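Chemist: Supplied in structure tokens, the structure appears directly below.
The values are calculated or read from the model by the stated rules, or taken from the named source; none is laboratory data. Keep in mind that this is a model prediction, so the values were computed, not measured. Backbone-built Cβ (ideal geometry, glycine too); neighbour counts: all protein chains shown.
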Amino acid sequence: PTTIFLKDYTPFGFIIDGVELTFRLAPKATRVLSRIKFRPNPDATDKRFFLHGESLTLISAAIDGKSADVRDVDGGIEADVPDAPFVWEAEVEINPQDNTALEGLYMSNGMYCTQCEAEGFRKITYYPDRPDVMAAFEVTIEGNEKVLLSNGNPLSQSQGFAKWQDPWPKPAYLFALVAGDLLNHPGTFTTKSGRQVDLNIWVRPGDENKCAFGMQALKDSMKWDEDVYGREYDLDLFNIVAVDDFNMGAMENKGLNVFNSSCVLASPETSTDGNFERIEAIIAHEYFHNWTGNRITCRDWFQLCLKEGLTVYRDQQFTADLRSAPVARISNVLALRGRQFPEDQGPLSHPVRPESFQEINNFYTATVYEKGAEVIGMLKTLVGDAAYSKAVDLYFDRHDGDAATIEDWLQVFEDSTGRDLGQFKRWYSQSGTPRLTVREDYDGDTFTLHLSQSTAPTPGQDEKLPQVIPVAVGLLSPNGDEVMATQILELTEAEQSFRFEGHATRPIPSILRDFSAPVILEQGIDKTRRAFLLAHDTDPFNRWEAGRMLARESLLASITTGAAPDAAYLDGLGAVLRDDTLDAAYRALMLGQPTQSELAGLLHEAGITPDPEAIHTASEDLRNAKAAAFGDLLPVLYQDNQIDGPYSPDADGSGKRSLANAALSLISRTDGGALAAEQYAKADNMTLQLAALSCLLDAGAGKEQLAAFEQQWHDDRLVMDKWFSLQIMQAKPDQVAEVTKRLTQHPDFDMKNPNRFRAVMGALSMHHAGFHHKNGAAYALLAEWLIKLDPVNPQTTARMCSAFQTWKRYDPARQTMMSAELDRIANTKDLSRDTNEMITRIRS
Ligand code: B3K
Ligand code: ZN
């Protein structure tokens, strides 16, 4: 397999002055006619006329009207062309029906749709399929479907025919086409300069009652981007389409976003609060791409974080503004620690801007997305809010219409602030999670923080240089008053000291407030200090963090020494839970505890081989200890957070439900599921119904309800995904593989549907104690299904291989078993490039 390097970038030899495409749709034999105006690119040295193409049958090709001699080369075709403007015309045939990889043009439930990012357009026609080649597209669709959609504005439409024009030059990865018998949920939005935009959410008949929430989220996003970033929408039409078979969450195609139906369809009866929140964030994310991604795109795929890190950062800001900022921040950090930290600390570690790849689809990772967003957040913290806005405005002014780079992005900050960002840039090139160590000194007046940083070696990077780490610090007095409001310390050296003078009593520092940098903080403080911060920290993130650390230390002590759950933690937590001035969602987060895989990672870092059984037992014991310690409090929390009146997925309602459900899950440990059964019986929304079912299964009950649930929802794919997942998530560790296997035999298990495959195999791999059960059955089962799925859908297969990324953490017996499964996958005949690259990296 070929490896592509960032350092080898060269511009394409030609510029495109216009693209006309005609699609004659037929499930097994769609014809695609292209007419593309090329002219030589004066800035390019490589003048080779190479067009990407994959799985295409070439019917004819012509240059300036004369039949062209094309040569098949690796990944596409070459031809000799004039050293002057010319017109390329080609006709190809493709087979959407058999396209199970869901990349290019494919069919889902009888409807045609496309997914072109990153390199799917080459499966539609011959084209320079690279993001730095931008062009205006005119698209004609001929087909029998009622609705025929493409990017931009409609030029003409009649029975069986539609013509679309997208005036904004775009790279091919933003191309989209949808054709099907769809219904629309309409809306309108008037932009701040008075442009009236028609909005639509297109769905299959039957789903039209699940669009209202998404439509509102779209309008909120459009308004927010105007208010906060000054960005207006730039077409008369914005379409969203819901598709059942989709490899990821959604796709920001210009004017025609395509969504995994799980990320747009919502109703109270079928969606949880978590679903609503996620849908709101994804709709915002895809909409925000219109400026950060589409109007300004990426020069090459190494620059992916330019659009993804920034757009994630923007959608996180949106959520924080619309809902609760502390709750949003804690959730983002939980996701970062849950997904990005393990990636950055294992064999798949790569920089936010990778320097090489074999298959770019393997780099749509938590590092590029979530760590990429953290890097933007740090930049904003360092330069300040006003300077951030100014720099971003300059970015839009200077680069509108460009295919840009991280250098361009940093340059606007340098130019508008005068700051040298040379060292900051290491956040883009150095992989791994920095460790920040803190030591304190006090001399009766001056309080000193000695900070030091280091990053462990990662694949391909043995030596690490110091990074710029913004450390937000506040100081508290021993009675809990804030004696110094949050300040940003800029750590730039390997070791640096910061002095705070004039403190007659020794202050207590609150460090890395709001999680100001994506690092591992090592503070070396005792339980008393943590309990103090849990009770008094004025920074809501760090207050939560103090409780989290107490929980973590309690669990680690139980795992390694068999210690009982920490009473100081339970006391402090109890006080927080009783504090009605804290909002419900925040208290619900406080009640949570580190996941079992997080604990395994911490043990591994400490040089201790994690024992999944011991981790599971300690985690269960801590939950049981909470159930016992808060025996009187939990029913009160449950009762106080019941809601009369209609369901609304807003922050307040969902916060109350999350606290009530968290209480219920502990209550179910002592009442055998009685209260959960009651909740299940009267639930009128999915949040309450699913939580009740989950508690019942956890309590070893719920057989009857599980069957009733299937009976009630068997026609709803998205709800049935929950039914599949939940049984695995709530299975006892020694049953997980068996339950999963049984579910794969269920008539509704369909590996071709990524949502269903992930619902089952994702749940298997995320059940820490079950996946790592010593009998190795889960390892074998996952490998078996990855091998089956690979020829069908390489992208989803490759992504799910990351379940094995932590294999070296475990004991020799488990390592041997996992390594054998990795070998088995690696040795599979005709393994896809996607999966091959992942397995090779994981094994290294
Ligand atoms: N840009 C797409 C992701 C495409 C993934 C291709 N494997 C969705 C998003 O980040 O908004
Ligand atoms: Zn994105």
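Chemist: Test residue 631 against the stated conditions and say whether it is on the phi > 0 side of the Ramachandran plot and not charged (D, E, K, R).
Modeler: Values: on the phi > 0 side of the Ramachandran plot: no; not charged (D, E, K, R): yes.
Against the criterion (on the phi > 0 side of the Ramachandran plot and not charged (D, E, K, R)), residue 631 does not qualify.
Chemist: Could you list, in sequence order, the residues of the range 226-245 that are without any contact (Cβ under 8 Å) to a residue 60 or more places away in the chain and farther than 23 Å from residue 164 by Cβ?
Modeler: The first filter runs over the range 226-245 and keeps only residues without any contact (Cβ under 8 Å) to a residue 60 or more places away in the chain, leaving 226-227, 232-233, 238, 240, 242.
Selection gives 226, 227.
Chemist: Search the range 347-371 for residues being near ligand 1 (Cβ under 10 Å from one of its atoms) and outside any helix (DSSP H, G or I), and hand back the single one that is farthest from residue 802 (Cα to Cα). Walk me through it before giving the result.
Modeler: Looking only at the range 347-371, we keep the residues that are near ligand 1 (Cβ under 10 Å from one of its atoms), and these are 359-364, 368-369.
Then keep just the ones that are outside any helix (DSSP H, G or I); that gives 359, 364.
Numbers: 359: 15, 364: 12 Å.
The selected residue is 359.
Chemist: Follow-up question, since we're still on this one. Taking the residues in the range 37-74 that are touching a strand residue (DSSP E or B) at 6+ places or on another chain (Cβ under 6 Å) and of a type in the set (Gly, Ala, Ser) as candidates, determine which candidate is nearest to residue 135 (Cα to Cα).
Modeler: By that ranking, first place goes to 53.
Chemist: How about the range 366-394: which of its residues are farther than 14 Å from residue 310 by Cα and either in contact (Cβ under 8 Å) with a residue 12 or more places away in the chain or among the aromatic types (Phe, Trp, Tyr) (or both)? Give the derivation first.
Modeler: The first filter runs over the range 366-394 and keeps only residues farther than 14 Å from residue 310 by Cα, leaving 381-387, 390, 394.
Within the range 366-394, 381, 382, 383, 387, 390, 394 qualify.
Chemist: Additional query: Looking at 288, 276, 246, which is the one that is within 12 Å of ligand 2 (Cβ to nearest atom) and assigned by TED's automatic domain parsing to the domain that holds residue 193? Show your work before the answer.
Modeler: Working: 276 fails: within 12 Å of ligand 2 (Cβ to nearest atom); 246 fails: within 12 Å of ligand 2 (Cβ to nearest atom).
Sole residue among the options that is within 12 Å of ligand 2 (Cβ to nearest atom) and assigned by TED's automatic domain parsing to the domain that holds residue 193: 288.
Chemist: Identify, please: which residue in the range 280-318 is of a type in the set (A, V, I, L, M) and either within 13 Å of ligand 1 (Cβ to nearest atom) or buried (at least 24 other Cβ atoms within 10 Å of the Cβ) (or both) and is, among those, farthest from residue 249 (Cα to Cα)? Steps first, answer last, please.
Modeler: We begin by selecting, within the range 280-318, every residue of a type in the set (A, V, I, L, M); these are 281-284, 296, 304, 306, 310, 312.
Now drop any that are not either within 13 Å of ligand 1 (Cβ to nearest atom) or buried (at least 24 other Cβ atoms within 10 Å of the Cβ) (or both), which leaves 281-284, 304, 306, 310, 312.
Working: 281: 11, 282: 8, 283: 10, 284: 12, 304: 17, 306: 19, 310: 17, 312: 13 Å.
Residue satisfying both the conditions and the ranking: 306.
Chemist: If you don't mind, another one. Test residue 374 against the stated conditions and say whether it is at pLDDT 95 or above, in a helix (DSSP H, G or I), away from ligand 2 (no atom under 16 Å from the Cβ) and crowded, with 21+ Cβ neighbours inside 10 Å. Write out each step before concluding.
Modeler: Numbers: at pLDDT 95 or above: yes; in a helix (DSSP H, G or I): yes; away from ligand 2 (no atom under 16 Å from the Cβ): no; crowded, with 21+ Cβ neighbours inside 10 Å: yes.
Answer is no for this residue.
Chemist: Any idea which of (1) crowded, with 24+ Cβ neighbours inside 10 Å; (2) within 20 Å of the chain's Cα centre (by Cα) is the one residue 254 doesn't satisfy?
Modeler: In the conditions (1) crowded, with 24+ Cβ neighbours inside 10 Å; (2) within 20 Å of the chain's Cα centre (by Cα), residue 254 misses (2) alone.
Chemist: Test residue 217 against the stated conditions and say whether it is buried (at least 20 other Cβ atoms within 10 Å of the Cβ) and on the phi < 0 side of the Ramachandran plot.
Modeler: Against the criterion (buried (at least 20 other Cβ atoms within 10 Å of the Cβ) and on the phi < 0 side of the Ramachandran plot), residue 217 qualifies.
Chemist: In addition: Restricting the range 291-304 to residues that are within 15 Å of ligand 2 (Cβ to nearest atom) and among the aromatic types (Phe, Trp, Tyr), which is nearest to residue 5 (Cα to Cα)?
Modeler: The initial filter retains those residues of the range 291-304 that are within 15 Å of ligand 2 (Cβ to nearest atom), namely 291-298, 301, 303-304.
Retained after the next criterion (residues that are among the aromatic types (Phe, Trp, Tyr)): 291, 301.
Numbers: 291: 27, 301: 10 Å.
The qualifying residue nearest to residue 5 (Cα to Cα) is 301.
Chemist: Now for a separate question. For the range 726-783, which positions are in contact with a Gly (Cβ under 7 Å, 6 or more places away or on another chain) and outside any helix (DSSP H, G or I)?
Modeler: Across the range 726-783, the qualifying residue is only 731.
Chemist: For the range 287-310, what are the residues that are free of Cβ contacts under 8 Å to residues at least 40 places away in the same chain and either of a type in the set (A, V, I, L, M, F, W, C) or touching a strand residue (DSSP E or B) at 6+ places or on another chain (Cβ under 7 Å) (or both)?
Modeler: 307 - this is the single residue of the range 287-310 that is free of Cβ contacts under 8 Å to residues at least 40 places away in the same chain and either of a type in the set (A, V, I, L, M, F, W, C) or touching a strand residue (DSSP E or B) at 6+ places or on another chain (Cβ under 7 Å) (or both).
One line per residue, one yes/no per condition, for (1) among the β-branched types (Val, Ile, Thr); (2) under 30 Å from residue 405 (Cβ atoms):
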{"site": "16", "(1), (2)": "yes, yes"}
{"site": "37", "(1), (2)": "no, yes"}
{"site": "56", "(1), (2)": "no, no"}
{"site": "65", "(1), (2)": "no, no"}
{"site": "68", "(1), (2)": "no, no"}
{"site": "95", "(1), (2)": "no, no"}
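Chemist: Now a separate question. Against the definition (within 16 Å of ligand 2 (Cβ to nearest atom), outside the structural domain of residue 172 (by TED's automatic domain parsing) and not acidic (Asp, Glu)), how does residue 266 come out, yes or no? Step through it out loud before you land on a result.
Modeler: Numbers: within 16 Å of ligand 2 (Cβ to nearest atom): no; outside the structural domain of residue 172 (by TED's automatic domain parsing): yes; not acidic (Asp, Glu): yes.
No.
Chemist: Among 411, 453, 467, which is within 22 Å of residue 378 (Cα to Cα) and either among the charged types (D, E, K, R) or assigned by TED's automatic domain parsing to the domain that holds residue 336 (or both)?
Modeler: On the way: 453 fails: either among the charged types (D, E, K, R) or assigned by TED's automatic domain parsing to the domain that holds residue 336 (or both); 467 fails: either among the charged types (D, E, K, R) or assigned by TED's automatic domain parsing to the domain that holds residue 336 (or both).
Checking each option against the conditions leaves just 411.
Chemist: Listed residues 648, 597; which is touching a Pro at 6+ places or on another chain (Cβ under 9 Å) and surrounded by fewer than 17 Cβ atoms within 10 Å (Cβ to Cβ)? Break it down into steps so the answer makes sense when it comes.
Modeler: Values: 597 fails: surrounded by fewer than 17 Cβ atoms within 10 Å (Cβ to Cβ).
After applying the criteria, what remains is 648.
Chemist: Please state which of the following conditions residue 424 fails to meet, knowing it meets all the rest: (1) in a strand (DSSP E or B); (2) under 30 Å from residue 296 (Cα atoms); (3) not polar (S, T, N, Q).
Modeler: Single failed check for residue 424: (1).
Chemist: Okay, next question. Working carefully through the options 321, 344, find the one that is surrounded by fewer than 24 Cβ atoms within 10 Å (Cβ to Cβ), outside the structural domain of residue 167 (by TED's automatic domain parsing) and away from ligand 2 (no atom under 12 Å from the Cβ). Talk me through it step by step, then tell me what you get.
Modeler: On the way: 344 fails: surrounded by fewer than 24 Cβ atoms within 10 Å (Cβ to Cβ).
Criteria check complete, one pass: 321.
Chemist: While we're on this one: I need the full set of residues from the range 257-278 which are crowded, with 24+ Cβ neighbours inside 10 Å, among the small types (Gly, Ala, Ser) and not in a loop (DSSP other than H, G, I, E, B), in order please.
Modeler: Within the range 257-278, 262 is the sole residue that qualifies.
Chemist: Quick check on my filter: what residues within the range 146-166 are in contact with a strand residue (DSSP E or B) (Cβ under 8 Å, 6 or more places away or on another chain), more than 14 Å from residue 240 (Cα to Cα) and free of Cβ contacts under 8 Å to residues at least 60 places away in the same chain?
Modeler: Matches in the range 146-166: 146, 155, 156, 157, 160, 161, 162, 163, 164, 165.
Chemist: Separate question: Among (1) surrounded by 15 or more Cβ atoms within 10 Å (Cβ to Cβ); (2) in contact with a Phe, Trp or Tyr (Cβ under 9 Å, 6 or more places away or on another chain), there is one condition residue 487 misses while meeting the rest; what is its number?
Modeler: Residue 487 satisfies all of (1) surrounded by 15 or more Cβ atoms within 10 Å (Cβ to Cβ); (2) in contact with a Phe, Trp or Tyr (Cβ under 9 Å, 6 or more places away or on another chain) except (1).
Chemist: I'm trying to understand the selection: among the residues of the range 162-212, which are among the hydroxyl-bearing types (Ser, Thr, Tyr) and either over 17 Å from residue 234 (Cβ atoms) or assigned to a strand (DSSP E or B) (or both)? Steps first, please.
Modeler: Initially, the range 162-212 is screened for residues among the hydroxyl-bearing types (Ser, Thr, Tyr), giving 173, 188, 190-191, 193.
Those that are among the hydroxyl-bearing types (Ser, Thr, Tyr) and either over 17 Å from residue 234 (Cβ atoms) or assigned to a strand (DSSP E or B) (or both): 173, 188, 190.
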